[in-house]
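Rule-based calculations on the coordinates, nothing more; no lab input. Everything quoted here is computed from the prediction, not taken from an experiment. Using ideal geometry, Cβ is built from the backbone for each residue, glycine included, and neighbour counts are taken over all protein chains shown.
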Amino acid sequence: MVLLGVVALTGCASSVTTDYDSSASFASYKTWAFAEKDASNDFMSLDSGRVEAAVKRELEQESMQEAPQNSADLLVSYRVEDAEKLESSGFTYGLGLGRGNFGFGVSTAPEVRQVKEGKLVVDLVDRQTERVIWSGISRRYLNERQSPEARSELIDEVVAAMFEKYPPL
C-alpha cells in the first residue's frame, strides 16, 4: 500500500518549471497578443496551432483579453527547443552454457535509435519594456513518434500546468 502511494506521488511530479520577474506588476496586465513569428519560420505548423489554442484558452481563463499586437500589455512568445535522444527498446536475449571450468554465452544488444524531441517554452513579454516577465518550460517532451492525438493532449496538459503557476503568487 505504501509503495502504491509512492508511485502515485511520483506520477504527480511537476511537468513544468516557471520563472518570473519579481519586480513585474502582474495585476496590471489585462491584454495579450501573440508576438510576431520569426521571419525564417513564417509558416504555422500543426503544433503551433495546438500551442496557440492552448495558450489562448488558459489566458482567457485568467480573464485576460486578446488584443491587437500594437496595444496589448503582454506579448506571448513560444518555441519548441529541439533535442535528440537515444531510445532503447530494452529487450535483449541471451543464452549461456557451461560445465565445470568451461562455459560460453551469447547475447543480443538492445535496439538503439536516435529520436528527435522538443520541449515547449512559453514566454510572456512586457510589450512596453520588451522584457520577459514570466516563462514556462516543459519538462516533458514532444516526440516525433507521438500520434497527433497524443501530441495535442500533451500540449494541452503542459500549457495548463504552466498557467496554473500564473500569475505567480
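Find out how many positive minus negative residues lie around Ser138, taking Lys and Arg as positive, Asp and Glu as negative, among other residues whose Cβ is under 10 Å from that of Ser138. Can you show the working numbers first?
Numbers: positive: Lys119, Arg139, Arg140; negative: Glu81, Glu157.
That works out to +1.
Once you have the Cα-Cα distance between Thr92 and Asp19, take 0.36 nm times their residue separation minus that, and quote the gain in nm to one decimal.
22.1 nm
So between Gln61 and Ile137, what do we pick up on full extension, going 0.36 nm a residue minus the alpha carbon distance?
25.4 nm
Calculate the FRET efficiency for Gln128 and Arg151 from the Cβ-Cβ distance with a Förster distance of 41 Å, rounded to the nearest 0.05.
Details: r = 35 Å, r/R0 = 0.84.
Efficiency at R0 = 41 Å is approximately 0.75.
Tell me, in nm to one decimal, what length is gained between Arg99 and Thr31 on full extension, where the rule is 0.36 nm per residue of separation less the Cα-Cα distance?
So the chain would gain 16.7 nm between Arg99 and Thr31.
Using label points projected 7 Å from each Cα along Cα→Cβ, tell me how many nm separate Ala109 and Ser71, to one decimal.
Result for the modelled spin labels: 6.3 nm.
May I ask you to give the average projected area over all directions of the convex hull of the Cα atoms of region 102-169, in nm² rounded to one decimal?
For region 102-169, averaging the hull's shadow over all directions gives 9.1 nm².
In what order do Glu81, Glu130, Glu157 fall by count of nearby beta-carbon atoms within 10 Å, going from fewest to most? It would help to have the intermediate numbers written out before the result.
Details: Glu81 12, Glu130 8, Glu157 15.
Lowest count first: Glu130, Glu81, Glu157.
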